[in-house]
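Have a look at the structure below, then the notes.
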Amino acid sequence: MNNQEAKKDAGKPRLSLVPRRIIWDIAEVRRYGCEKYPVGGPDNWKQVEPQRYREALFRHLMAYLDDPKSVDEESGLPHLWHICTNCAFLCELEDES
């Protein structure tokens, strides 16, 4: 049943297609970040220039490429999770719509 008159959702993003693991991973890095940087509240990341997230992403990417199982020394969380979080920040901050 696909009655678009009852619910017009054709062509809308299917968020259920996003792998759920990435959401949990980003949430864990965000939890850590909120503890590390409490000033400004949970949205304080929006006050940072995108270039700084690009630099952080690149640092974590280099560490990940050297060792895909590596973890960030400071947070104890996988570099891959930090890469995902930095990408998420950049997607949000550089959204041109």
Assess whether I23 counts as being at pLDDT 95 or above, open to solvent by 60 Å² or more (accessible area, probe 1.4 Å) and β-branched (V, I, T).
yes
Over the range 38-50, the set of residues open to solvent by less than 50 Å² (accessible area, probe 1.4 Å) and part of a loop (DSSP other than H, G, I, E, B) is G41, V48
Output the residues belonging to the range 51-66 that are in contact with a helix residue (DSSP H, G or I) (Cβ under 8 Å, 6 or more places away or on another chain) and exposed (fewer than 12 other Cβ atoms within 10 Å of the Cβ).
none
Output the residues belonging to the range 67-97 that are part of a loop (DSSP other than H, G, I, E, B), open to solvent by less than 80 Å² (accessible area, probe 1.4 Å) and closer than 16 Å to Y32 by Cα.
D72, S75, G76, L77
Of the conditions (1) open to solvent by less than 80 Å² (accessible area, probe 1.4 Å); (2) farther than 20 Å from E92 by Cβ; (3) not in a loop (DSSP other than H, G, I, E, B), V29 fails just one. Which one is it?
(2)
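The values are calculated or read from the model by the stated rules, or taken from the named source; none is laboratory data. Computed from a prediction, not measured in an experiment: that's the story for all the values here. So basically every Cβ, Gly included, is an ideal-geometry build from the backbone, and we count neighbours across all protein chains shown. Areas reflect the complete protein model, heavy atoms only, side chains present, ligands, DNA and RNA absent. Shrake-Rupley method; radii C 1.70, N 1.55, O 1.52, S 1.80 Å.
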